[in-house]
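Asker: Can you keep this structure in mind? I'll have questions shortly.
The values are calculated or read from the model by the stated rules, or taken from the named source; none is laboratory data. These figures come from a predicted structure and were not determined experimentally. No Cβ is skipped: glycine too gets one built from the backbone with ideal geometry, and neighbour counts run over all protein chains shown. Quick note on the areas: whole protein, heavy atoms, side chains included, nothing else; ligands and nucleic acids left out. Shrake-Rupley method; radii C 1.70, N 1.55, O 1.52, S 1.80 Å.
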Amino acid sequence: MGDKLVSVVIITYNSSSTICETLDNLFSQSYNRLELIVSDDGSKDETVSVSKKWIKDHSNRFEHAEVLTTPYNTGVSANCNRGIRTAQGDWIKLIAGDDLLTEDCVKTCVDYVNQHQECNLLFSEMHMFKVENGNRIFLETNSLFKNTTYLDDFNKGDAHHQFHLLLKDGCFLAAPTVFYKSSFIKKNPYPEEYKYEEDYPMWLHITHKGYKIDQISDVTVYYRISSSLSHRENDYIS
């Protein structure tokens, strides 16, 4: 069996100042079989043109690459769903247009799902970073999963148990790390009635329907702290 095709869907909105950094980072992934989808939500800056130029210059790296956009802003959930619907890969990795992946992010996730055929969606750990005077400063994420007992309890529990942990402890899953089986997420899209808080309702919806979540402790994503809507310093999981 050959390697799985993984679609990396980059979610953007007014991301022209950071999108090339995210794309350059993706180019360096150790995993070979990649599709690239930039799903833009009606940016008012140069995100679309910058992304198209970058893809034109680097298209040989990907089995397929394209930019999607819309004439008006529709919200994070709808933007995620547009990218997901277009993706052709066996698995889908979502990332925002100002975040970064570790070099082995996709490989780490694929290695796990190859060994866990029942997995539909996988979370991992992330580190936050901020940029000061042109330098990246990396910070650890304050995750409940640093408690290995809690991680074991979450992973060993069924979907019902995970649902109640999510209700009790809130949205503790690191949304930027999510890795989806394509057939699963296409049948269970993000609820678009929650335009800008797509993650917590999604995890509750999935576990309530009886789908179990997998979680590993490997760091796979570097999450940028900024003052933007989706990257508030005091709300880094959402």
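Asker: At 1.4 Å probe size, with every protein chain present, just tell me what the per residue accessible area of the chain comes to in Å².
Answerer: Accessible area per residue, the chain: 46 Å².
Asker: Which entries in the list Lys44/Lys93; Lys107/Lys168; Lys56/Lys195; Lys4/Lys44 go over 28 Å, if you measure between the two C-alpha atoms of each? Let's see the in-between values first.
Answerer: On the way: Lys44/Lys93 25 Å; Lys107/Lys168 32 Å; Lys56/Lys195 31 Å; Lys4/Lys44 35 Å.
Correct reply: Lys107/Lys168; Lys56/Lys195; Lys4/Lys44.
Asker: While we're on this one: In terms of Cα to Cα distance under 20 Å, which aspartates and glutamates are near enough to Lys209, apart from those fewer than 8 places away along the same chain?
Answerer: Output for Lys209: Glu118, Asp153, Asp158, Asp169, Glu192, Glu193, Glu197, Glu198, Asp199.
Asker: I want the antiparallel fraction of DSSP beta bridges within the chain, as a percent rounded to 5.
Answerer: Given both bridge residues lie in the chain, the antiparallel proportion sits at roughly 35 percent.
Asker: I've got another one for you. What size of dipole, in debye to the nearest 20, comes out for region 19-89 about its Cα centre when the only charges are +1 on Lys and Arg C-beta atoms and -1 on Asp and Glu C-beta atoms?
Answerer: 180
Asker: For region 99-190, give the percent of accessible area contributed by carbon and sulfur heavy atoms, probe 1.4 Å, rounded to a whole number.
Answerer: 48
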